[in-house]
Amino acid sequence: MQTRATPPVAGEDGNARPARGWKNAAAAALPVLACFLGGATEKWAEGVIIGLLGILLLFNPPRFSLGWILNLIFAGVIGCAAFSFLPERLALVPAWRTALTNDFGVRLAGMITPQPWITFGAFVSLVAGLCWLYYTATQELELRSVRWQLRFFAAGIIFLAAFCILLNLLHISPEFWHNQRSFGPFPNRNQTANVLGLTAILILACGQDSIRRSTKGWIFWLLGFGIIVTAIVLNFSRAGVLILVIGSVLWIAGLLLRKVSAERIAIGVSILLVLLAAMFLFGGQTIDRFHLRAGVIDDSAVSSDFRWLIYLDAMQLIRASPWCGIGLGNFEPVFAIFRNASLGNTRALHPESDWIWLWSEAGWLAVVLVLLGFGLLLWRVFPLQEGTNQRFRRAALIGAVLFAIHGLIDVSGHRVGTVFSAIFLLGLSLFRPLTFQRRAWIPWAFRLLGIALLAAGGSWIWMTHSASLLPGGIGAENAKRAATLANRSRSFDDAIRLCSSGIEWAPLDWQLYFLRADAEVASRQPVDRALADFRRARFLEPNSYEVPLEEGKTWIESQPLLAVTAWREALRRAGPQQTSVYSYLLSIAPLSNPEVDRGFRSLAAEKPDLLLIYFGRLSAENVKAALTEVLAHNPDLNGFTAAEKTRFLNVWAERGDREAFATAVAAHADWLPLAWRAIANYDATRRDFRAAMDLTRRFHDPPVLPEITDHRSSDELQRLVYSGTNNYAAGFALYSAQMREGKADDALRTLRHFTGTKQCPAYFYYLEAEGWSLKGDWERAWSAWFAFDSAADRQAIEQIDRATSFRRK
């Protein structure tokens, strides 16, 4: 038996009588609570929300059907998600799965989803979201109750935003908020901005309705709007600004188009101008992220954005997967294998798009069904005619549409706090009174679903806080944490057992394999077991250099060669960070072990920058042997840059065989401009000071000499100079005059008057060296030039220090 919904009985004011207050409050408070609980991104918080939803469905289930078409779409979406529990032979077996099972011995379930327990947890979340959508869309509400729920939701988010601002000022936050920039409940600032932006649009409708009804509520909504805008600015997200501005423009445009008048247009334009002016004046770094204040928009921002590289790799995963997707909850571990264009040391948790995420995990058919269902629900919003809460419903509709569009470049649709808020707006934007039909089976079906959701939510809360080891994603996380503690307490057998249990539920979790391998090495189990687990961990996390780096640290005591092999992989992954990683490895490696020493030498064999770091850590007796080995394989230093050659030759000259060094430089004419200082020092040690001075004159540019500013006579200058030791201008003028007059000995005495102090300009030493060279005293000339070189370096450093100190002041 079925009946059509009839409008509720009207009261004296012409509006329908209100429904029970607890129903309105519960429906509006649930998404606000989800946002407050860290966005319900952790399983215990999500358990609280779906448990409360289960109670709501149990005591106040939907009683109307959305129609057979929408019911089929809902069933189709659930079917697409559930299809992955079927045997894997029913779909294409991707190459990555074959590699895991055949090459690495990973034991996967015989289903399309490689991790059925993880997929089941995500499936429950999907069912909860669809139940929430069905509940909000079929609420039998009079118009006043719709307004009350929307106002309650908006007020709740305003108070949440004010709470965020207060905590930000106090520099504190709840333990269950893991946010960026210490602002907002969500881990990702874009999701916090999403909720704030959608609420701002709704606040416009609330404020306009208060003004229209001539109540003072508009004061609260004006203050609330200011709080939301302030929170968006402090949140530092461009998404929040865009949703706020675009949503406000659309809502005001809809208001103006209904009744075009000069007064309405002026009011609307004034509101927008005030909003934009406030954003530009107080937006700070948030507005700067749009690159607008410089007057130029960065054209490369989109093409070079890392997000687009993520999209490219995600599409590669989709093309290599079955038509039905890889199963809910499997994107992160599988995507790590497909990263190429977006290759980086940071693990990608999602594809930066709700729609691509859904496509990759549930298949293209699920995307089509969601779009079709969304379109049909939007169709039921119209008509937006007078007397149907059209202003509120327009605001809610704009918020829901912008949320769906934002999902193209963000994943707010996969976060409970954001998606429950958007679903709430979509459900209340539908035209009321409802034209849906009552179905007798609907409330019983949703009561059963409510019991299931209550049980699931309660179990998630219990498993999180009791750390129990039951099958599922929470159980795998609990096993991982317990295994980490067992390894630290040297209970290695327990760690191996815990990791094995976690791997049964999450066979694509690389950390479980790594922890088990770590315990296997420490408990001296057969090397093949640990090596196999380390290989699995490296395959499942192929980007991070920390994984093989830590593996090498595990092997270094018992299997040095395996440690060097792992570290070779770490260096390959490190990319631009190779030198710092190699330096760190050298600092922890026992180079006294000949196997380790040879291994590090082989790691740096074809990388000059690493070789130079390696030489710097060797003892004096080992440097010569290492240099000999390198030169035996690469006597011409092929592949070295000029800077690297210079550093290598200096190491050779300082710590290697100097005679062999000099012979090699003589045989390579292109090395002399790079190593002339070392050769000059070598000549000086052989007391061939003339050869050393010849090299300095050939390759070292003379210093810049000052201009002569004192033109007094030589006698006057001489009296002035010898009256002190710091009149450098007079001293240089006297030296120049004496050289012009052919008095070289007097000029040299003048120079030595100043070089006997430590503070004279460096060029005095250079001129002294030239003076001794003219006299043929090459040893004194070399000593003076050496003093010039040291003084020039010292004075350059002092000049840099003075400049740095000035900038600090």
> Once the mean 1/r over all distinct Cα pairs of the range 560-608 is inverted, what Kirkwood radius in angstroms do you read off?
Replying inline: 10.8
> Charges only on Cβ, +1 for Lys and Arg, -1 for Asp and Glu: so what's the dipole of the range 117-256 about the Cα centre, in debye to the nearest 20?
Replying inline: 340
>> Using only alpha-carbon positions, what ratio does the radius of gyration of the range 321-374 give when scaled by 2.2 N^0.38 Å?
In response: 1.20
> Whole-Å semi-axes of the range 601-759's equivalent ellipsoid, largest first, each the root of 5 times a Cα gyration tensor eigenvalue?
Replying inline: 47, 15, 14
>> Please list 3J(HN,Hα) in residue order for the range 524-534, calculated via the Karplus relation 6.51 cos²θ - 1.76 cosθ + 1.60 where θ = phi - 60°; whole Hz, with x for glycine and proline.
In response: 6, 7, x, 4, 4, 5, 5, 4, 5, 5, 5
> Under a 1.4 Å probe, what is the accessible area of the chain per residue, stated in Å²?
Replying inline: 48
> Size of the dipole of the chain about the Cα centre, Lys and Arg at +1 and Asp and Glu at -1 on the beta carbon, nothing else charged, in debye to 20?
Replying inline: 3340
>> Quick check for you: which residues of the range 93-117 have the amide N under 14 Å from the point 7 Å beyond the Cα of residue 86 toward its beta carbon?
In response: 93, 111-113
> When the helices in the chain are scored as -39500 (n - 2.57) per DSSP H run of 4 or longer and the sum is shared across all residues, what 222 nm value do you end up with, to the nearest 500 deg cm²/dmol?
Replying inline: -22000 deg cm²/dmol
> Each residue of the range 347-363 in order: what ³J(HN,Hα) in whole Hz does its phi give by Karplus 6.51 cos²θ - 1.76 cosθ + 1.60, θ = phi - 60°, with x for Gly and Pro?
Replying inline: 6, 8, 8, 7, x, 6, 7, 4, 5, 5, 4, 4, 4, 5, 9, 10, x
> Dimensions of the range 573-638 along principal axes (Cα, Å, largest first)?
Replying inline: 28, 28, 18
>> Restricting to Cα atoms and excluding each atom paired with itself, what does the Kirkwood estimate give for the range 619-694 in Å?
In response: 12.7
> Among the trypsin sites (Lys or Arg not before Pro) within the range 58-162, which fall in a DSSP loop and have no more than 11 other Cβ atoms within 10 Å of their own Cβ?
Replying inline: 107
>> Can you tell me, using C-alpha contacts under 8 Å and at least 6 residues apart, the relative contact order of the chain as a whole percent?
In response: 15
> Can you pull the percent of the chain's accessible area that's carbon plus sulfur, 1.4 Å probe, other chains left in place?
Replying inline: 60
> Angle between the Cα long axis of helix 68-82 and the longest principal axis of the chain, 0 to 90 degrees, nearest 10?
Replying inline: 40
> For the chain, what is Rg from Cα atoms divided by 2.2 N^0.38 Å, rounded to two decimals?
Replying inline: 1.35
> If we restrict to alpha carbons, what Rg and Dmax does the range 485-595 come to, in Å?
Replying inline: 14.1, 44
>> What are the ³J(HN,Hα) couplings of the range 544-555, residue after residue, when phi is run through the Karplus curve with 6.51, -1.76, 1.60 and θ = phi - 60°? Round to Hz, x for glycine and proline.
In response: 6, 6, 5, 5, x, 5, 5, 4, x, 5, 5, 7
> To one decimal place, what orientation-averaged projected area in nm² is obtained for the convex hull of the Cα set of the range 349-431?
Replying inline: 5.2
> Could you list, bin by bin from short to long, the percent of Cα-Cα pairs of the range 206-255 in 10 Å steps?
Replying inline: 24, 45, 28, 3
> What number comes out for the charge environment of residue 591, summing +1 per Lys or Arg and -1 per Asp or Glu over other residues with Cβ under 9 Å away?
Replying inline: 0
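The values are calculated or read from the model by the stated rules, or taken from the named source; none is laboratory data. Keep in mind it's a predicted model, so treat the numbers as computed, not measured. Virtual Cβ from ideal backbone geometry, glycine too; neighbours counted across all protein chains shown. For the accessible areas, the whole protein counts, side chains as well, though only heavy atoms, and no ligand, DNA or RNA atoms are used. Shrake-Rupley method; radii C 1.70, N 1.55, O 1.52, S 1.80 Å.
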